[in-house]
2 protein chains.
Amino acid sequence: MPEAALRRSVAINVAHGNAAAHCADCEARHIGMCDALTDDEISFLARTAQRTTVAAGKVFIEEQEPAAYFYNISAGNVRVFKSLPDGRRHITGFMGVGQFLGLDVAGSYAFSAEAMGEVQLCRFHRKALHEVFGEFPALERRLLNIATHELTVAHDQMLLLGRKTAQERVASFLMTWAERNEHCPAGGVPKPGQKLPLPMTRIDLADYLGLTIETVSRSLSAMKRDGLIALDHAHEVLLLKPQRLADIAAGEA
Amino acid sequence: MPEAALRRSVAINVAHGNAAAHCADCEARHIGMCDALTDDEISFLARTAQRTTVAAGKVFIEEQEPAAYFYNISAGNVRVFKSLPDGRRHITGFMGVGQFLGLDVAGSYAFSAEAMGEVQLCRFHRKALHEVFGEFPALERRLLNIATHELTVAHDQMLLLGRKTAQERVASFLMTWAERNEHCPAGGVPKPGQKLPLPMTRIDLADYLGLTIETVSRSLSAMKRDGLIALDHAHEVLLLKPQRLADIAAGEA
DNA sequence: GGCGCTCCTTGATCTGAATCAAGCGGCCGG
DNA sequence: CCGGCCGCTTGATTCAGATCAAGGAGCGCC
């Protein structure tokens, strides 16, 4: 059993307990928000935190609900989305281990969040977290950096949704997803043949890219036909010509 | 001459001077970032600030350039945009008095910014501003609030770009623009007959809404035909049936 | 091991918005 | 006051992607 998986089981076993004694074991201890803090600071903060487990498919944050909590993801993936009254949906992001939920909030949540598989969360009362800011300015600074980075990502996605073709959107997604999964040498392009897991469904991809499932599927098939990717299983691509994909993603003429 | 216009002239006259003595007279003194600070704090901060004037049409922030400055808008409007290599453009936002430029930045600017008319800016060295954070935590907290709010706005816009029809996009824009221009009773709908100035061109609107100028024009004409708006001059609409517009904007079936 | 989901792919057709094209009108400079 | 230009509107046509439709493949469950 690999070490990471071992640590994950431990986290699952202590679910619902107080997190104070367990931050040291958390998958997210050295990522995201938590990485900004010293061990002393985090054990202080942990007194206000709770571990919870969320079953696959469960919507654990509902748009419009009063925003009582911040969440930090300890294990699993989450889809964050907004909906229109007639059921149209847009996924604003896929969030993974160490990522933070509950920033873009004013009183009520501005988004819904759903567990893609089973998910472990570390939950903080918003009020408690705000009280902690005074003690640990590093945390507030860290959150500003996170918010700032998310804003950049959001603006990139607006360019994608407003002005890119279907192929460009799918290529862009593959590149940012590869980067997110640390398959890229810092800021560069993944190596040819890089294997990339796609834990989300085609519906998720469509709702994230502003397309339909058929168009996503066709775009991927076209890339396969053109030798840019290989696609043996629906949830795994091989990036055969990553540089070409990066060029398409960037909208090179 | 109305008082606001008078104060604006004063600001123009002191352009390029040190801002220290002039924050008190600034249009933006009680909005956005500056509103978070006491008079003492702001005069401290102002030592590192410079007033500059930018001519209409001038691109004063270029995507990819090293991000040396933060800006606060003292007068005028700015279009913030991103471009693809073949010239496709997406406007991420229209920024006005008191608004803040330079948040979503990591080393280099992630966007370009262009003056829509003549613009007055208050400019801070990023480094200087960061040094000031230690002294005035209120400023950092304020910036986190601003970033958080911008993130909400960006996510709303992603829903618009990914899933709304042309009519819904235009209606959404009219509603948010009315709110921005304080024509709405807090969070509500503007009153019927409300006059709304549109300082931007149809190209701007198209690039902001992910449409073409023809489609923007047709959508507005359709709303006029249906009695939802009146449109005597191209740059001013009357909101005849604001509630109906709000429903369309929200995607009511 | 087979039944029946659910998810994915592929094909045929349709359509909302883009593109191509032609005026119109307000406004600035002469 | 006139001419030309730029930005806007409107009409005709095209097209990228949506919708409609029909299997196929993987997989959990019995």
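Which condition from (1) within 14 Å of another protein chain (Cβ to nearest Cβ); (2) near DNA strand C (Cβ under 10 Å from one of its atoms); (3) under 17 Å from A:Ile91 (Cα atoms) is the one that A:Leu209 breaks?
Unmet for A:Leu209, out of (1) within 14 Å of another protein chain (Cβ to nearest Cβ); (2) near DNA strand C (Cβ under 10 Å from one of its atoms); (3) under 17 Å from A:Ile91 (Cα atoms): (2).
Mind checking which residues of the stretch A:204-227 are open to solvent by 10 Å² or more (accessible area, probe 1.4 Å), more than 8 Å from DNA strand D (Cβ to nearest atom) and in contact with a strand residue (DSSP E or B) (Cβ under 9 Å, 6 or more places away or on another chain)?
Selection gives A:Asp207, A:Tyr208, A:Ser221, A:Lys224.
Of B:Leu239, B:Leu231, which residue is more than 22 Å from the chain's Cα centre (by Cα) and more than 14 Å from chain A (Cβ to nearest Cβ)?
Only one candidate passes the filter, namely B:Leu231.
Looking only at the stretch B:114-130, filter to residues that are closer than 14 Å to B:Ala68 by Cα and more than 11 Å from chain A (Cβ to nearest Cβ); which one of those is surrounded by the most Cβ atoms within 10 Å (Cβ to Cβ)? If you could, list the steps in order and put the result at the bottom.
Let us first name the residues in the stretch B:114-130 that are closer than 14 Å to B:Ala68 by Cα, namely B:122-130.
Checking which are more than 11 Å from chain A (Cβ to nearest Cβ) leaves us with B:122-129.
Working: B:Cys122: 24, B:Arg123: 18, B:Phe124: 22, B:His125: 14, B:Arg126: 15, B:Lys127: 11, B:Ala128: 14, B:Leu129: 19.
The residue in question is B:Cys122.
Report, by residue number, each residue of the stretch A:229-248 that is surrounded by 14 or more Cβ atoms within 10 Å (Cβ to Cβ), touching a residue at least 24 places away in the same chain (Cβ under 8 Å) and within 14 Å of DNA strand C (Cβ to nearest atom).
The answer is A:Ile229, A:Val237, A:Leu238.
In the list B:Thr176, B:Thr201, B:Thr152, which residue meets the criterion of being assigned by TED's automatic domain parsing to the domain that holds B:Val80, closer than 30 Å to B:Val105 by Cβ and of a type in the set (Ser, Thr, Tyr)?
B:Thr152
Determine, yes or no, whether A:Ala186 is open to solvent by less than 50 Å² (accessible area, probe 1.4 Å) and either of a type outside the set (Ser, Thr, Tyr) or near DNA strand C (Cβ under 10 Å from one of its atoms) (or both). Even if it seems obvious, please write down each step before you answer.
Working: open to solvent by less than 50 Å² (accessible area, probe 1.4 Å): no; either of a type outside the set (Ser, Thr, Tyr) or near DNA strand C (Cβ under 10 Å from one of its atoms) (or both): yes.
When the stated conditions are applied, A:Ala186 does not pass them.
Which of the residues belonging to the stretch B:75-94 are out of contact with any Phe, Trp or Tyr (no Cβ under 9 Å at 6 or more places or on another chain), under 16 Å from B:Arg180 (Cβ atoms) and either within 13 Å of another protein chain (Cβ to nearest Cβ) or free of Cβ contacts under 8 Å to residues at least 24 places away in the same chain (or both)?
Answer for the stretch B:75-94, where residues must be out of contact with any Phe, Trp or Tyr (no Cβ under 9 Å at 6 or more places or on another chain), under 16 Å from B:Arg180 (Cβ atoms) and either within 13 Å of another protein chain (Cβ to nearest Cβ) or free of Cβ contacts under 8 Å to residues at least 24 places away in the same chain (or both): there is none.
Out of the residues in the stretch A:67-95 that are part of a loop (DSSP other than H, G, I, E, B) and of a type in the set (A, V, I, L, M, F, W, C), which is nearest to A:Ala113 (Cα to Cα)?
Restricting to residues being part of a loop (DSSP other than H, G, I, E, B) and of a type in the set (A, V, I, L, M, F, W, C), the top hit is A:Ala67.
Output the residues belonging to the stretch B:96-113 that are within 13 Å of chain A (Cβ to nearest Cβ) and either surrounded by 15 or more Cβ atoms within 10 Å (Cβ to Cβ) or assigned to a helix (DSSP H, G or I) (or both).
Result: B:Phe100, B:Leu101, B:Gly102, B:Leu103, B:Asp104, B:Val105, B:Tyr109, B:Ala110, B:Phe111, B:Ser112, B:Ala113.
Out of (1) open to solvent by 10 Å² or more (accessible area, probe 1.4 Å); (2) at negative phi, what's the single condition that is false for A:Leu161?
With respect to (1) open to solvent by 10 Å² or more (accessible area, probe 1.4 Å); (2) at negative phi, A:Leu161 is out only on (1).
Might you check whether a residue that is within 16 Å of DNA strand D (Cβ to nearest atom), under 30 Å from B:Leu139 (Cβ atoms) and buried (at least 20 other Cβ atoms within 10 Å of the Cβ) occurs anywhere in the stretch A:144-157?
The answer is yes, given that some residue of the stretch A:144-157 is within 16 Å of DNA strand D (Cβ to nearest atom), under 30 Å from B:Leu139 (Cβ atoms) and buried (at least 20 other Cβ atoms within 10 Å of the Cβ).
The values are calculated or read from the model by the stated rules, or taken from the named source; none is laboratory data. None of these values were measured; they are calculated from a predicted model. In this analysis, Cβ positions are derived from the backbone assuming ideal geometry, glycine residues included, and neighbour counts consider all displayed protein chains. Note: accessible area is taken over every heavy atom of the protein model, side chains too, but ligands, DNA and RNA are not part of it. Shrake-Rupley method; radii C 1.70, N 1.55, O 1.52, S 1.80 Å.
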